[in-house]
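Here's the structure we're looking at; comments come further down.
The values are calculated or read from the model by the stated rules, or taken from the named source; none is laboratory data. Given the structure is predicted, the values throughout are model-derived calculations rather than measurements. Ideal geometry is used to build each Cβ from the backbone, glycine not excepted, and the neighbour counts take in all protein chains shown.
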Amino acid sequence: MIEDELRAAFARIEASTPPVGPVRAAVDQAVITRRRRRRRVRLAGTALAVAAVALVGFTAMAPRPPAPTAAPALPAPVPEPAGALNLLLLGVDQSAGSRRADSVVLVHLPADRSRLYLVSISRELLVPVPPHGGTEKLNATFSRTAGSGTDLAAGYRATRQAVARLTGVRVDAGAVLTYPGARELTDAVGGVPVCLPAPVRSVHTERRFPAGCQRLDGPAAVDLLRQRYGLRDGGLDRDRNAARYAAGLLRQLREQGTATDPAQLSRLLLRIGPAVTVDTGDLSLPALVAAAGRTAAAEPVALAFPVLPEWNGRGYEPDPTLTPGFLDALRADRLGKWAAEHPGQVTALR
């Protein structure tokens with residue numbers, strides 16, 4: 001009796017229950033809709049980030065709060081900054097728990113934008129230490145400030161101040177690129193062409209770089225940039241190879257159109273991520289691209305900051321004969337004339 005009553009009750013309930021199929025289909029559709037909505041939001045956020053960087057640039061070291069606007073306006077053409085510009089590029093080795101600025105390159109853009117001048121400054125150049133006096137190696141200003149932590153921006157600021165004191169010119173913008181970043185950047189652009197005047201053997205990996213022009217992938221480029229032992233002029237030759245790498249990278253970016261396209265450059269910087277720290281100073285990224293774009297057709301000129309070739313036990317001293325004239329030429333925006341008069345200070349790029 002009880003079993004018959006239970007069967008009858010379940011039969012009545014089952015008859016009033018809606019079909020499972022349509023309910024499950026509705027639930028699945030709701031899940032798909034929510035996933036698509038979240039994906040659209042994520043993609044929109046990425047696109048906005050790229051667009052924001054491309055349109056207004058960024059300063060990773062000292063971000064500025066956005067200015068309030070009454071209504072969105074169409075982006076105005078970016079005015080190219082007038083006069084000569086100086087950009088500081090630092091290549092940082094993070095091995096053995098330390099942070100050393102192994103490569104220091106001052107990029108000079110003359111006012112006529114005829115070409116770029118890549119000025120390699122030895123990391124072991126002795127520079128003044130204010131306010132107490134004395135001297136220290138240039139790369140000590142970076143490692144002392146950045147330490148073994150992650151504050152690459154502080155190391156950049158200290159080195160920027162040291163280079164400004166040394167040269168007497170304003171450093172308008174710059175960037176810090178770690179060796180992992182250089183590896184990623186090199187691979188991202190499809191390799192970097194580098195021309196070496198003599199063969200180089202790596203003391204770290206036994207890799208051999210032949211004399212002549214070759215295209216380096218990321219690991220090979222970093223391996224070359226680290227070499228100084230076994231080179232005829234040691235660290236000075238490493239600085240020359242860093243200039244050759246920088247010139248090859250600029251050439252590759254120019255051929256791909258990245259050097260003159262803020263959107264492409266922004267995507268490249270976003271891909272590298274925290275391995276690069278950028279400071280645009282008072283300028284925006286599009287303004288820097290506009291200034292550098294006019295120099296893209298000409299081969300850069302690589303120069304070495306004049307130093308005495310003899311190691312004094314602590315570092316390199318500025319060459320008292322050549323340095324005053326070099327600094328006068330840099331400050332007066334006459335590096336082209338000075339380079340023509342001092343071919344021994346010019347690094348061959350091809």
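Based on what the data block shows, is residue 219 over 30 Å from residue 311 (Cα atoms), modelled with pLDDT of 90 or more and in a helix (DSSP H, G or I)? Criteria met by residue 219.
Beta carbons closer than 7 Å, at least 6 apart along the sequence or on distinct chains, pair a first residue in segment 151-173 that is without any contact (Cβ under 8 Å) to a residue 60 or more places away in the chain with a second that is part of a loop (DSSP other than H, G, I, E, B) for 164/170; 164/171.
Within segment 161-174, the set of residues being farther than 13 Å from residue 109 by Cα, among the hydrophobic types (A, V, I, L, M, F, W, C) and surrounded by fewer than 21 Cβ atoms within 10 Å (Cβ to Cβ) comprises 164, 166. Within segment 219-272, work out how many residues are over 13 Å from the mean Cα position of the chain (by Cα) and aliphatic (A, V, I, L, M). Looking only at that region, the number is 11.
Of all residues in segment 226-239, which are surrounded by fewer than 22 Cβ atoms within 10 Å (Cβ to Cβ) and either at positive phi or not aliphatic (A, V, I, L, M) (or both)? Working first, answer last.
To start, the set of residues in segment 226-239 that are surrounded by fewer than 22 Cβ atoms within 10 Å (Cβ to Cβ) comprises 226-237.
Of everything in segment 226-239, those that are surrounded by fewer than 22 Cβ atoms within 10 Å (Cβ to Cβ) and either at positive phi or not aliphatic (A, V, I, L, M) (or both) turn out to be 226, 227, 228, 229, 230, 232, 233, 234, 235, 237.
Within segment 296-311, the residues that satisfy the criterion of being buried (at least 17 other Cβ atoms within 10 Å of the Cβ), at pLDDT 90 or above and among the hydrophobic types (A, V, I, L, M, F, W, C) are 301, 302, 303, 304, 305, 307.
Here the condition is being at pLDDT below 85, surrounded by fewer than 20 Cβ atoms within 10 Å (Cβ to Cβ) and not small (Gly, Ala, Ser); of 254, 271, 314, 331, it holds for 271 alone.
With respect to the conditions (1) polar (S, T, N, Q); (2) crowded, with 21+ Cβ neighbours inside 10 Å; (3) closer than 29 Å to residue 348 by Cα, residue 284 lacks only one, and its number is (3).
Contact map, segment 243-257: first residue assigned by TED's automatic domain parsing to the domain that holds residue 216 and of a type in the set (Val, Ile, Thr), second residue part of a helix (DSSP H, G or I) and buried (at least 22 other Cβ atoms within 10 Å of the Cβ), Cβ cut-off under 9 Å, separation 6 or more or different chains; the map is empty. State whether the residues of segment 142-150 include one that is more than 20 Å from the chain's Cα centre (by Cα) and either under 24 Å from residue 292 (Cα atoms) or free of Cβ contacts under 8 Å to residues at least 40 places away in the same chain (or both). For segment 142-150, residues more than 20 Å from the chain's Cα centre (by Cα) and either under 24 Å from residue 292 (Cα atoms) or free of Cβ contacts under 8 Å to residues at least 40 places away in the same chain (or both): present.
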